[in-house]
Amino acid sequence: MNQKEEMLKVGLRLFSTQTYSSTGIRQITKAAGVPTGSFHYHFKNKEDFAIAVLDYYFKIEVADNAKSQYFLDDSIPVKNKIIKLYSNVIHSYTGNAEMNPPNSAVVSNLGQELSAHNQKVKAHISMIIEKSHLLLKGLIEQGKIDKSITSKIDAGLLANLLIDLYGGALIRRKSLQSDAPMDDFILALEKIL
């Protein structure tokens, strides 16, 4: 793994567990095992870094999963693909709710802290959410065609609902320090679709 990717990986973990303002550049470079100058070589500033971390999150958690062989297999019902997409993400962090935060917390953490006063980060978070929405909406539309999704809810509205339900489950998981809300989310997903 190169220095830039190592810093992004560390940034994803740090921004998922602590605030943007409490995360320092030296903390990032120390945890990544790279010189501080490497940060400034790859990123203009911490804001630029936060945006790169959001892109990195979307790539590894959403886009790469959606491009896997499983998702390209037309013989698998789309409903199963959506459940598998969420299950893969959830499986990557369950097992210790207090010590193992989900990478997807980065979107809500940065959004809650920065969206009110940082238009550049706010716009980027909106773009990440919109990309997730379009991916889910497209899958739901395909699922309605293959009849694996029987919900009468409009595909766009259902995609928003799934994003919101997942976000709510993440909040409950953090508050309860339990993986039970994620199990509930998957059970609800099977019934909602």
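Quick note: the coordinates plus some simple rules give every number you see, no bench work behind them. Since the structure is predicted, the reported quantities are computational estimates derived from the model, not experimental observations. All Cβ positions, even for glycine, are placed from backbone atoms using ideal geometry, and neighbour counts span all protein chains on display.
Summary table below
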quantity	calculated
Over 31 Å (Cα to Cα) - which of 9/122; 30/79; 4/174 fall in this group	30/79
Debye-sum result for the stretch 52-192 in log10 I(q)/I(0), which assumes one identical scatterer on each alpha carbon, at q = 0.13, 0.16 Å⁻¹	-0.58, -0.88
Sequence-separation-based contact order of the chain, relative, with Cα cut under 8 Å and 6+ spacing, percent	24
Proximal charge balance of residue 71 [Cβ under 9 Å; K/R count +1, D/E count -1]	+2
Calculated FRET value between residue 17 and residue 176, using beta carbons and R₀ = 22 Å, to 0.05	0.85
Computed E for residue 44/residue 71 - FRET, C-beta separation, R0 35 angstrom, nearest 0.05	0.50
